[in-house]
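*Asks:* Sharing a structure below in structure tokens format, with a few things to ask.
The values are calculated or read from the model by the stated rules, or taken from the named source; none is laboratory data. Nothing here was measured: the structure is a model prediction, and the numbers come from that model. Virtual Cβ from ideal backbone geometry, glycine too; neighbours counted across all protein chains shown. Surface areas here come from the heavy atoms of the whole protein model, side chains and all, with no ligands, DNA or RNA. Shrake-Rupley method; radii C 1.70, N 1.55, O 1.52, S 1.80 Å.
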Amino acid sequence: MLILECPYCGVKAEETELHAGGEAHLKRFGPGSSDDEFHDYLFMRENPKGVHFERWRHVTGCGKWFHAARCTMTLEVFGTYTAQTSAPPQEIRDAITAKRPGWSWREFE
Amino acid sequence: MSDPLSALPGARYAGLATIEESGLQGMITLRGDLSSKTLQKAVKAATGADVPSQRQIAVATGGAAAWMSPDELLLLVPYDEVEQTTSTLAEALSGEHALAVNVSDARALFSLSGAGAREVLGKICPVDFDPAAFAPGDFRRTRMAQVAAAFWLDEAETFHIVCFRSVSQYVFNLLKTSAHPQSRVGVYG
């Protein structure tokens with residue numbers, strides 16, 4: 001069972017109270033972008049074994065979206081943070097580095 | 001005018017705990033900036049209660065304010081005053097980025113009392129109901145089996161459960177099953 005702490009209401013919510021929202025920090029390509037960019041934005045997703053960043057929604061709680069950093073292999077959660085950001089904050093990166101030195105994910109490391 | 005009716009008038013069941021439909025309750029959903037002085041004053045005027053802190057309910061005589069999310073409160077007021085209170089609130093908040101809506105008839109309210117109350121809820125919600133973790137005055141929005149619900153615990157160790165009116169029969173049946181006299185688990189003593 002995955003347990004994530006909602007950064008907005010402080011509840012340690014278990015998976016059934018949450019809704020998974022897919023990969024985090026996607027850069028959107030809409031009108032004016034090339035077909036390749038739009039294709040990649042629509043279909044290409046990370047599928048890592050290890051460190052992963054995801055969007056989650058506290059759907060039956062406060063209803064807010066947030067981000068989570070976790071390990072897909074061990075289900076270890078490195079931390080959760082606000083949705084109002086386009087990159088993982090430094091304390092989350094530090095928490096991951098402490099446990100998984102040398103990690104990288106997309107353009108982040 | 002027709003008489004307003006609550007979701008399941010008079011519904012009651014006594015098992016491990018006593019479940020009762022609480023009848024008509026005025027409820028106002030208020031969204032806005034909870035740190036705004038204007039909003040805090042308007043909440044005080046409408047309910048007599050202060051803006052509650054995170055996951056708490058502030059109860060006053062004749063009203064209460066419950067923390068729903070970082071920008072949302074649920075205000076409890078007497079049913080027959082709810083329309084007047086909503087418009088007074090909306091007037092007080094004109095100019096603010098805020099919204100007050102009367103949701104009384106969209107919701108149902110149940111009370112759950114008795115020694116087994118924590119256990120009855122514990123079976124159907126992913127929440128720790130240990131007295132140290134969930135104390136009187138705490139308010140929580142969560143899931144009750146398959147539907148969203150919210151509840152708080154009052155000083156008399158009675159839970160008050162808010163759910164959507166459309167699922168009130170489901171919630172009542174669910175509580176009844178959970179409170180079946182032969183289904184005691186004994187986790188919370």
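*Asks:* Do we have residue A:14 as among the acidic types (Asp, Glu) and away from chain B (no Cβ under 11 Å) here? Please lay out each step first, then the result.
*Replies:* On the way: among the acidic types (Asp, Glu): yes; away from chain B (no Cβ under 11 Å): no.
No: the conditions fail for residue A:14.
*Asks:* Report, by residue number, each residue of region B:153-173 that is of a type outside the set (Ser, Thr, Tyr), more than 14 Å from every other protein chain (Cβ to nearest Cβ) and open to solvent by less than 30 Å² (accessible area, probe 1.4 Å).
*Replies:* Correct list: B:153, B:159, B:172.
*Asks:* Here's a follow-up. Do we have residue A:19 as within 14 Å of chain B (Cβ to nearest Cβ), closer than 30 Å to residue B:74 by Cα, touching a strand residue (DSSP E or B) at 6+ places or on another chain (Cβ under 7 Å) and surrounded by 12 or more Cβ atoms within 10 Å (Cβ to Cβ) here? Steps first, please.
*Replies:* Numbers: within 14 Å of chain B (Cβ to nearest Cβ): yes; closer than 30 Å to residue B:74 by Cα: yes; touching a strand residue (DSSP E or B) at 6+ places or on another chain (Cβ under 7 Å): yes; surrounded by 12 or more Cβ atoms within 10 Å (Cβ to Cβ): yes.
Spelling it out, residue A:19 is indeed within 14 Å of chain B (Cβ to nearest Cβ), closer than 30 Å to residue B:74 by Cα, touching a strand residue (DSSP E or B) at 6+ places or on another chain (Cβ under 7 Å) and surrounded by 12 or more Cβ atoms within 10 Å (Cβ to Cβ).
*Asks:* So, residue A:67, is that one more than 13 Å from chain B (Cβ to nearest Cβ) and open to solvent by 50 Å² or more (accessible area, probe 1.4 Å) or not? Give the derivation first.
*Replies:* Values: more than 13 Å from chain B (Cβ to nearest Cβ): yes; open to solvent by 50 Å² or more (accessible area, probe 1.4 Å): no.
Criteria not met by residue A:67.
*Asks:* Could you please find all residues in region B:102-148 being basic (Lys, Arg), more than 14 Å from every other protein chain (Cβ to nearest Cβ) and in contact with a strand residue (DSSP E or B) (Cβ under 6 Å, 6 or more places away or on another chain)?
*Replies:* B:107
*Asks:* Kindly establish whether residue B:45 is among the aliphatic types (A, V, I, L, M) and farther than 20 Å from residue B:108 by Cα. Step through it out loud before you land on a result.
*Replies:* On the way: among the aliphatic types (A, V, I, L, M): yes; farther than 20 Å from residue B:108 by Cα: yes.
Spelling it out, residue B:45 is indeed among the aliphatic types (A, V, I, L, M) and farther than 20 Å from residue B:108 by Cα.
*Asks:* Let me ask something else about it. Please find, among A:45, A:28, A:55, the residue that is out of contact with any Lys or Arg (no Cβ under 9 Å at 6 or more places or on another chain) and surrounded by 15 or more Cβ atoms within 10 Å (Cβ to Cβ).
*Replies:* Going through A:45, A:28, A:55 in turn, the sole match is A:55.
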